[in-house]
Amino acid sequence: MGNYHQSGFSPDFHIPYGTQQASQESSAGTYFGSMTMPPVKYQKGDTVMGRWPGSALFYEVKVLGFDVKSKLYTVIYKDGTELELKEQDIRSASGFQTRSRSRSRSQSPGRRRSRSRSPARTTRRSSSRTAAAVAAAAITDSAPSARKDIKLKDTLEVRLSPLQQTKAAENSSNNKHEKKEENNTASKVNEKIEAKADAEPEKNQGRYNLRRRKDDGDGKPEVQEEKEVKVAAPAPAATPSTPLDFGGKIGAYFWLLFLPAWVLFVILQVNLEDPSLANFPPPLPPLEAFWDPQALGFVILWLLFQVLLYILPVGKLSEGMPLRSGERLKYRTNGFFAIVVSALAVAAAVHQGVDLTYVHSRFLQLATATFIISVLLSIYLYIRSRYAAPEQLALGGNSGNVVYDFFKGHELNPRIKSFDLKFFCEMRPGLIGWCLINFAMALAEMKQQGLDAPSYSMILVNLFQLLYVVDGLWNEEAILTTMDLMHDGFGFMLAFGDLVWVPFTYTLQAYYLVSHPNPLSLPAVAAILLLKFVGFYIFRKSNSEKNAFRRNPSDPKLSHLKTIPTATGKSLLVSGWWGVVRHPNYLGDLIMALAWSLPCGFSHLLPWYYMIYFVILLVHRDSRDMSECRRKYGSAWDEYCRTVRYRIIPRVY
């Protein structure tokens, strides 16, 4: 649903670069910085070679910091894994390069091949052929005795990332081990060598403290026969997943039942003469009142019309953010064109005598039809996700539990050729349908109340929410940096939110005013208008600043902004709007939500539902942001929180 507009069922305009969800909300951009460190051997930001726990393999890492008390270095590997290593498990990168070059000159290809053979070659030919394809593991300078015991004086020490290691292992199966062994072969040893190389450090110096790892492994390797060959693989082959949210697996069952029930409750409640929340449960109409084939046809026709506008070769082709594979998908961002054409089509239909008050009189049946379509779409999305490649799955919807993954969304960017299902549903049928329903409610108010023009309250609600949607579609490209697009899979949560929750609950103020008018004086109208535009100004300026920084942090127009560098290569904004509070766009959104509810008066709590819901939503989204950003940015996020103290609303002294 409209993640752009910050008010969808799962809306978040602000996504962290290490997560929208969060956020993630720090407005991170691609910029490196440096910070001072105590006088230790390796400084923060140094690129060195770090040993992988439980093995004799060294990989290129970046130093993040040094703890004086524990005397441990915090480092980050190229796959994003953060570990704490002892000083003896870190080597200078230049030393590895020099050693590799000198030894490669002293050994001929034939000599290297003969030394890479193990006794297992006579009994396990295929295993030894694989071993010959990969260089022996690095033997550290601090273990000369181990080198002597294992009789491998000429082993290569190479610079290697986990991704390169995997590729090298694949190449070895094709007998491509004789090409540029110094540069692109992975380190590989049998378990006996690993046990000897690791025995002394593991016995005397304790276990490693893992901040975050992507493969738990088995800790220390077991000592087995020398013929056993083992490939170290820090990066797991399976698609990883993130911690479960929304109450986990049990929560998924709850939300699948609660969300449709809540939509039904508010629709039935607002129809009552006295829509008090004390009237629970509201009287239920007969079952046949929920279903109308004509309403289903109307919804299908609306969806097909929006699909047609989306696929027309009109508007800009925008690039999304890089995926885990490095790919950047293209999106047709012609939402403003779509709402203009939709408005013209609706005006033409009204001019031809089409009675749009049908939307008000069949509101329950339209909601039921849309709910059925959202469920069918969710089932289709989950079935197709079972055949998707691992890199196409969403980390948050990869729990292995069918119900949770169905609810959260298993596939990240489901597409039918170039037609992106998630992007289309986020910004088109629900958002534009929201404006259509509001307009129909204004016509219904005039008809039911016998007015020549809509009331001031109805006009304010229509204008405020129309401005919100038009602004979102005009800046449609901004949604490509949000949590929904970057991190959340497309499943029931977003399908139901985009197609049902947005158009049938965000229109509650206009629906309420049809039967419960609230006259406003001109001074009251002026005050509400002022409040709305203050909120809109904060919302638009803060989001524009964030999106510009994410897309191009080196833009000269942003040179005045202060940032905190992180180990991921991105930076956190701590000035401008993002230096006032951590979520200035949330603050603007809350002020606008207040302006939407005020025209309905204070007679009932029901038209204030959106304001109450939105506060709960933002608090939950903020907690997701905090958790994701702390995991992603570590100590840099703690410094950011100390710098920008207030989370949504600044404290006034």
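A few points about this structure:
- Once Rg and the Kirkwood radius are both taken over the C-alpha atoms of segment 286-429, their ratio Rg/Rh works out to 1.03.
- Accessible surface of segment 414-536, 1.4 Å probe, proportion on carbon and sulfur as whole %: 71
- Length added when fully stretched, LEU463-LEU304, from 0.36 nm per residue minus Cα-Cα: 54.6 nm
- By the Cα gyration tensor, segment 395-436 has an equivalent ellipsoid whose semi-axes, rounded to whole angstrom, run 25, 14, 6 from largest to smallest.
- Solvent-accessible area, 1.4 Å probe, carbon plus sulfur percent, for segment 546-612: 63
- The modelled label-to-label distance for the pair VAL402/THR643, using points 7 Å beyond Cα in the direction of Cβ, is 4.8 nm.
- Remark: segment 499-653 carries 41 Å² of accessible area per residue (probe radius 1.4 Å; ligands, DNA and RNA excluded).
- Taking the accessible area of segment 267-403, probe 1.4 Å, and keeping the other protein chains in place, the carbon and sulfur fraction comes to 68%.
The values are calculated or read from the model by the stated rules, or taken from the named source; none is laboratory data. For clarity, every value in this text was computed on a predicted model and none was experimentally measured. When we count neighbours, we look across all protein chains shown, and the Cβ atoms used for this are built from the backbone with ideal geometry, even at glycine. Side chains are part of the model used for accessible areas, which takes the heavy atoms of the whole protein and leaves out ligands, DNA and RNA. Shrake-Rupley method; radii C 1.70, N 1.55, O 1.52, S 1.80 Å.
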